[in-house]
Amino acid sequence: MSTDRSARLGRIRLGGRVPRHVAVIMDGNGRWATARGLPRHAGHREGMKAVRESVKAALAAGVEILTLYAFSTENWKRPKTEIKALMGVLQIYVEKERRALAQQGVEVRVLGETDRLNALSRRAVRRIEETTRGGRELRLNLMISYGGREEIVRAARSLAAEAQEGRLAPESIDASRFAAALFTRDDPDPDLLIRTSGELRISNFMLWQVAYTELYITPVYWPDFTQADFFDAVLDYQHRERRFGTVTTA
Ligand code: FPP
């Protein structure tokens with residue numbers, strides 16, 4: 001273990017409160033590649049390393065849930081070749097990592113409109129979920145074909161259908177009933193949202209769930225994101241005062 005890494009980890013342990021749920025907008029793969037004169041897909045491929053590093057860092061820090069934005073609803077509008085490359089990276093990731101993830105006690109779930117994926121990618125999703133089922137150390141949510149607005153519309157539609165069938169009284173719909181109709185129904189809201197590559201946007205990511213999430217933006221491009229960067233985000237979080245809209249009593 002490098003001294004950098006262990007020093008940060010030691011500080012996290014002393015700092016006390018570790019975020020239970022960390023979500024990440026992995027951005028900057030394209031710019032990372034372009035800056036090196038490489039095609040964009042080289043950036044996505046390199047991004048797999050940062051995924052591996054983040055999983056290791058989350059396990060070491062004691063995070064319970066790590067949620068990664070891997071492919072957005074809007075990404076379907078990218079050129080066909082890039083979509084194909086991204087799906088290829090997903091398939092490679094699954095075959096390379098699923099056994100190691102299971103050994104590390106990581107349970108993977110893929111959340112999003114997965115019915116839009118092609119047969120090979122759907123098979124990859126099935127394989128990674130099956131191989132890692134029951135992992136107790138860390139839950140890894142891969143958000144694929146995911147959009148925050150689409151998720152909310154879908155939830156509204158399913159609640160409306162239940163109401164129409166007479167199985168749900170409209171006045172019984174509250175925030176927790178609504179949250180139970182989202183893809184993330186089993187999870188607490190993220191405590192910390194990390195975005196790489198310096199953009200100051202939410203980009204349609206977990207719009208409902210990030211209401212009170214602490215934001216951490218780093219200029220680092222995703223393929224360069226290391227365990228030390230992950231720990232820096234957690235250390236920063238440990239200095240935040242979370243008020244959830246209330247006041248702190250002196
Ligand atoms: C944003 O960079 C990143 C993506 C659209 C895809 C993220 C995918 C990976 C990191 C691949 C590996 C992940 C898994 C889970 C297998 P961008 O292309 O928008 O970069 P740019 O803003 O610099 O163009």
Task: Matching residues in the stretch 3-49 - criterion: being in contact with a strand residue (DSSP E or B) (Cβ under 9 Å, 6 or more places away or on another chain), within 11 Å of the ligand (Cβ to nearest atom) and hydrophobic (A, V, I, L, M, F, W, C) - done: Val24, Ile25, Met26
TODO: Check whether at least one residue in the stretch 127-137 is surrounded by 20 or more Cβ atoms within 10 Å (Cβ to Cβ) and either near the ligand (Cβ under 9 Å from one of its atoms) or part of a strand (DSSP E or B) (or both), and report yes or no.
DONE: no
Open item on the list: Consider the stretch 50-71. How many of its residues are more than 21 Å from Ala119 (Cβ to Cβ) and within 9 Å of the ligand (Cβ to nearest atom)?
Closed with: 4
TODO: Could you check, for the stretch 73-83, whether at least one of its residues is crowded, with 16+ Cβ neighbours inside 10 Å and either at pLDDT below 95 or of a type in the set (Gly, Ala, Ser) (or both)?
DONE: no
Open item on the list: Any residue in the stretch 203-219 that is of a type in the set (Gly, Ala, Ser) sitting within a Cβ distance under 9 Å of a residue that is outside any loop (DSSP other than H, G, I, E, B)? List the pairs, counting only those 6 or more apart or interchain.
Closed with: Ser203/Ile25; Ser203/Tyr69; Ser203/Ser72; Ser203/Glu74; Ser203/Gly148; Ser203/Arg195
- [ ] Test Ala57 against the stated conditions and say whether it is modelled with pLDDT of 95 or more and either among the aromatic types (Phe, Trp, Tyr) or in a helix (DSSP H, G or I) (or both).
- [x] yes
Task: Options Leu66, Leu86: the member that is over 30 Å from Gly10 (Cβ atoms) and surrounded by 20 or more Cβ atoms within 10 Å (Cβ to Cβ) - done: Leu86
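The values are calculated or read from the model by the stated rules, or taken from the named source; none is laboratory data. Just so we're clear, the structure is a prediction, and the values are computed from it rather than from any experiment. For neighbour counting, all protein chains shown are included, and Cβ atoms are generated from backbone atoms with ideal geometry for every residue, glycine included.
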